[in-house]
Structures are given as C-alpha cells and as structure tokens.
Amino acid sequence: MELFTNQILAGIATGAIYACMALAVVMIYQAIDHLNFAQGEMAMFSTFISWQLMQWGVPYWGAFVLTLAFSFVAGIAIERLLFKPLAKAPILTNVAGFIALYAIINSVAGLIWDFTIKEYPTPFGSSPFLGSQLISTHQAGMIGVTIVLLVLLYLFFQFTKVGLAMRAAASLPESARLVGINTSWMIALGWGMAAAIGSIAGMMIAPVVFLEPNMMGGVLIYGFAAAVLGGLTSPFGAVIGGFLVGIFENLAGTYIPGVGNELKLPIALALIITVLVVKPAGLFGRPTVKRV
Amino acid sequence: MSAVQEIVTEAPAVEAVPKRAMTLGTGTSLVMLAVLIVAPLFVKNFIIFQLTMLLIYALAVLALNILTGGSGQFSLGQSAFYAVGAYTSAILMEHGGINYALTLPVSGLVCFAFGYLFGQPALRLSGVYLALATFALATAMPQLLKLDYFEKWTGGVQGLVVTKPDAPFGLPMSQDMWLYYFTLAVSIAIYIFSVNLLKSRSGRAFMAIRDNEIAASAMGIDVAMYKTLAFGVSAGITGVAGGLGAIAVQFVAPDGYTITLAISLFLGMVVGGVGWLPGSIVGSAFIIFVPNIAENISKGLSGAVFGVLLFVVIFLVPHGARQIAMLAEQLAGKLRRN
C-alpha cells in the first residue's frame, strides 16, 4: 500500500510538468484550432533566454518577467510573420509549417547554446516537501504555479472583455467578425499567450529535466497526451489530464511486469487511447454535434 | 463557456480533390515512365541506390496519400507499418531462406492485416485524436522490436543484416541497377493498382467518407468497413515499401523506424500535394534530397536550413506539387486555345 501511495505521489510530481505543458497546448488549441508541434521548442528557447539573462547577472524573478515578455512578443511575431500568410492554406500544410518551425528553433538553439546539459536554478529550493522524499519543494512549487496559472486564465477568459472576444473568435469566427472583433489579432494574442505560458512551463520543468535543446521532446508528447485526455477544449481538463498521465505512467512502470522505462510511454499512450475510445471528446471536453 | 452543446458543420480536414485530379494524363505518365527507365543508365551506383530509395519512399508516401488524401484519415504511424514490412521481409529471407521477391507479398499481407486490425479501434477516433493514436503506435514500434522476447527473430537492438540479391538469369547489370528496376516494376504495379482502386467503387466510397462522413453513411456506404479497409490497404502498401527498403539498405534495426520516419512521410505527402498520387514521388524527392542539401549549405544549422526550405515550399505552393501541375495544365490549355 505504501508503495502505491508513493507511486501516486511521484506520479503527481511528474504530472505537474505535463499539466504545465498541457495548459499551454490547450491555450493555443483554443486560439488557433491546431496542435502546435513547435510549442515545446518555443518553450525550450524561452527557457534558454532566461538562463542567458541569469548568466548575465539578472536575478531569477527579473529574468522570469523579462522572459515572459519576450515569449509573448515572440509568439505574436511568429504568428504574424509565418502563420498569418498560411491562414487560408489547408490544415495539413499548417502542420508541416509547425514541423518546419520545430526544426528551425531546435537547430538555432543548438547552435547558440550547444547541446551540453546545463543546470537550471529553482526559486523554490529542492529539499523534501513536508517530509516526503518523493516530492521536493520545487515540484510542490511547480504544482502551485500551475494552479495559479489556471485560476488566472479562468479569470481572464470569464471576466475580461478581451478574454470574451478571444473565446468568440475561436468558437465562431464569422459571427465574431460581425460584432466587430478583430479575429486575426485574437489569434495572434492566443499565440503570444501560449508562448508565454509555455515559457513558464519551460522554466518550471528545466530544473527537473535539465536544460538542453532536446529537453522538451518527451515532455511535449506527454503534454499533448494530457491535453487530449482532459479534452482539448478545457484548460481545467488539461491540468487534470496532466496529473492523470503522470500517475498512469508511474503505476504502469511499477505494476505491469516487463515494463521498463522504455515501454512507459507506449503504455501510457495506449491507456489514453482506451479512454478516448470510450469518451471521444476527452474527460472534460464538450462533445461536438455534427450536422451535414 | 456556455453549457449548450457546440454544433458545427462538419468541415473536412482534407480538402476535396476530384477523382480525375488525383492522377496524371496518359501522355505525361508515359514520359515520366521513360525518364524513370532511362535515368539509372547514366549515373553512378550510389545515385542508383538513391533513386531506388526515392521509389521506395514514394510508395510509402503514396500509401499515406491513399489513407489521408483518399479517405480523409490522418496517420502519424506509417513508420510502424514500414517497420513491420521491413522486418517481415528480413526475417523471411534470413531465417526462412525465402527468395526476396516472394517475401514482398507476404509483407504486404501481414501489414494489411495489421493495419486492418489497427483500423478497428481507430474508427472511433478522428482528427487530432487519431493522430495521437497512430503516433502512439509509431513510438511503441521500435521499443517492441527491441523486446528480449522477440530477440531470437529480430536480432534485438542490433537488428538483422540482409543479403543483397544478384541480377537473375545472368543479366549483365550491377546489383544496384537490378534492384532499381525490380523496385520500379513493383512501384508501377502498385501505382496502377492504387489509381484503379481510387477510380473504383471503393475509391469513391473513400472520397465520400473524406468529404462528409454523415452524408456518406446516409447514402448507404458502410463507413466502418471502408475506413478500416483504407487503413489496411495503406498499411499493406507501406509494408511492401518497407520490405523493399530492407532489401535495398541490406539492414533492419529498430532505430531506423522511429517517429522521424513517419513525420518525413507526412511532410512528403504535404509537399507532393495531399490527394494527388503522382505527387508522391515529388514529396519523396523532397524528404530524401532536401536534408542533404541543407547539410551541404550549413552543417551546424542543417535543421534550420531544412525548416526554412520547407517554409519556402509551403509559402509558394501551399497545396504542394499538385498546384504546380494544375498551373501547368491551365497554361497548356491557354496556349492550345490561342
């Protein structure tokens, strides 16, 4: 029993990483209706920026705020320069664009900061949290940050005019335009916010997985899986999905014989697919009704 | 967010391509064929090998094109089918001592069955959910091939070495050249099969499902049957391509069939034009040669150069090579009228 609770705790700790990433994934999905494959690389690049700032002597929280601002602007710039011209292109062409962006960012980061693994500081310390060896204060801090983000996002989308306009632009673009919403800029804003949230995720994850250009590869996959599991339309679902995926993964690694680290990912994905077969819109997503 | 259910008009993720626009005219096809037959006579063995790989990847892209462009289902798992085909051929040749040409139909059938079975649970999923499911398959496959349990057959992490066949009947040509013509013959057969498939009743059913699933089922099309059939056919062709790939590369190993391969095949399909079968060879050329070109331009930034080149292509021709072919056709039509 103790093993079980410990594995759940460890799962929650890793799940916090996925939850963070899944939140960023859902954000951009809300704004642009696609999954952005380059999201992890954008977050990685932002994290490197903050690392560079700290190397230059900027204190942690100063670097944090500057990185947020940089990511927000960079996200908008990427949308305006690269994806606005593709707005009328087929969806699959857009997906190819994400893959191209992925290749570019990964390669440029590798050239600037090379592929050696770097330590990344945490503002929360890394001592055991509440006497448990399985969750460190950093991981607890990360869960806290994720929850704060979620609340802020909820407030933003529920109670601000811009949030309402963004929701309108995402769900019914034509009608939104008719009531005077600049839908094109709402999409850019979505990109900026997703990039900023991604950068927070990156800065929270980096102390755990260490900083290097490929750090997000695995995390993004779990982030996608978490977002899809929770339902792509629900930020709350994404966070829950993140924790669930973390727990699934740990329990599968412990209790299913023959599952080493290698098979953890396929098993977690298989479980998620099983859930989706039963509930195709995800656990907390709204089912869509289709008409001919 | 409102509690009312969201009602959307089903917009197909893959644009509707009319049946006739999916293939080339007879004249153009014959010219293409002549080029492919004559090409290897003038180049070195290594380039012949690359041309062989060009045809093999073109087959794999074609298979994805039937699935996505034909039936509107998206797959990031093609590398798994490719791997199963490659391993089936390699194991039959090395452990079973069976002639390489005979292993290909077996690979095709095994993958058809595999794809058909995989298509069953995939029926409930569409769009990003299907992408995730197929993606899971692609990430799981290399790990499964590495399992100790199968090591006796698969060679584990090390993989298997495959012997390259000689030209039969004492034909005076190098192994590479023979393999090229052999691949070309298989590719032509599969291409003709695919064109005919899409022109047939089944092909029309695929396209009806792609354009509007609900309307298709209202017209009496067995949606579940045709969707899984599309998966099976696509997997089968990919399996044959995988088998050919194993023979050409003379080696199979789990790490040769990662998700990167599936992504490459996807890019090949987009660059060639989704739903345009002849574009498969253009897409295949893109995924084989452009990474090399990028490497030559800058070693350290090869990924960035590749990304930029890809952006250039999708900015210029968002609909892939099909767009160029259509422009050429319009131009030719105009000239004829003048």
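Quick look at the values:
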read-out	value
Residue under evaluation A:Lys279, criteria (1) more than 22 Å from A:Ala38 (Cα to Cα); (2) within 11 Å of chain B (Cβ to nearest Cβ); (3) in contact with a helix residue (DSSP H, G or I) (Cβ under 6 Å, 6 or more places away or on another chain), criterion not met	(3)
Leading residue by the ranking (modelled with the highest pLDDT) among those in the stretch A:33-85 that are among the charged types (D, E, K, R) and assigned to a loop (DSSP other than H, G, I, E, B)	A:Lys84
Only one of B:Ala122, B:Ala113, B:Ala90, B:Ala101 that is under 23 Å from B:Arg204 (Cα atoms) and away from chain A (no Cβ under 14 Å)	B:Ala113
Flag if B:Tyr116 is crowded, with 16+ Cβ neighbours inside 10 Å and in a helix (DSSP H, G or I)	yes
Condition met for B:Val274 (in contact with a Pro (Cβ under 9 Å, 6 or more places away or on another chain), among the hydrophobic types (A, V, I, L, M, F, W, C) and not in a helix (DSSP H, G or I))	yes
Single unsatisfied condition, B:Met177 versus (1) within 14 Å of chain A (Cβ to nearest Cβ); (2) among the aliphatic types (A, V, I, L, M); (3) out of contact with any Phe, Trp or Tyr (no Cβ under 8 Å at 6 or more places or on another chain); (4) crowded, with 20+ Cβ neighbours inside 10 Å	(1)
Pairs with Cβ under 9 Å, 6+ apart, first in the stretch A:230-242 and in contact (Cβ under 8 Å) with a residue 40 or more places away in the chain, second basic (Lys, Arg)	A:Gly231/A:Lys279; A:Gly231/A:Arg286; A:Thr233/A:Arg286; A:Ser234/A:Arg286
Hey, B:Ala294 surrounded by fewer than 20 Cβ atoms within 10 Å (Cβ to Cβ), more than 30 Å from B:Ser126 (Cα to Cα) and not β-branched (Val, Ile, Thr) or not	no
So B:Val240, is it modelled with pLDDT of 90 or more and surrounded by 21 or more Cβ atoms within 10 Å (Cβ to Cβ)	yes
From the options A:Phe210, A:Phe248, A:Phe224, residue that is surrounded by fewer than 22 Cβ atoms within 10 Å (Cβ to Cβ) and touching a residue at least 24 places away in the same chain (Cβ under 8 Å)	A:Phe210
Every pair of residues 6+ apart whose Cβ atoms lie under 8 Å, when the first sits in the stretch A:100-113 and is more than 23 Å from B:Phe315 (Cβ to Cβ) while the second is surrounded by fewer than 18 Cβ atoms within 10 Å (Cβ to Cβ)	A:Gly110/B:Gly300; A:Leu111/B:Gly300; A:Trp113/A:Gln52
Residue identified as away from every other protein chain (no Cβ under 14 Å) and in contact with a strand residue (DSSP E or B) (Cβ under 7 Å, 6 or more places away or on another chain) among A:Trp61, A:Trp56, A:Trp51	A:Trp51
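The values are calculated or read from the model by the stated rules, or taken from the named source; none is laboratory data. Only a predicted model underlies this, so the values are computations on that prediction, with no experimental measurement involved. Glycine gets a Cβ as well: all are built from the backbone with ideal geometry, and neighbour counts include every protein chain shown.
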